[in-house]
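The values are calculated or read from the model by the stated rules, or taken from the named source; none is laboratory data. If you're wondering where the values come from, they're calculated on a predicted model, not measured in any experiment. Protein only, heavy atoms only, side chains kept; ligands, DNA and RNA dropped before computing areas. Shrake-Rupley method; radii C 1.70, N 1.55, O 1.52, S 1.80 Å.
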Amino acid sequence: MKILMTSLAALVLSAPIAFAQEDDAPSQDTVDAIMTMLTDMSCEMDPDDIEVEDEGGYDLDDVICQGEGQMDIELDADLNIVERRME
């Protein structure tokens, strides 16, 4: 019984951490697709600055594009550019 309670407690305590990581970080496939898109646009950024939005899109912070400078880019869930904001 003690083992069962310990296992249950570990599961309950680890669940919020797993959900937080899943919601806060995009999948590696998504990161790769975004980074490829940015390379094609002559832009670069730190992949750690990709944030998942509540509505399913992505916010790209501190993107540096050749000839344009630093900006934030908002993408929808299909990785289409919704907004570009200069910083």
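Observations on the structure shown:
- Semi-axis lengths, Å, the stretch 48-87, gyration tensor of Cα atoms, sqrt of 5 times eigenvalues: 19, 10, 7
- Rolling a 1.4 Å probe over the protein heavy atoms leaves residue 52 with an accessible area of roughly 50 Å².
- Of the residues 37, 71, 86, the one with the largest accessible area comes first in the ranking 86, 37, 71, computed with a 1.4 Å probe on protein heavy atoms.
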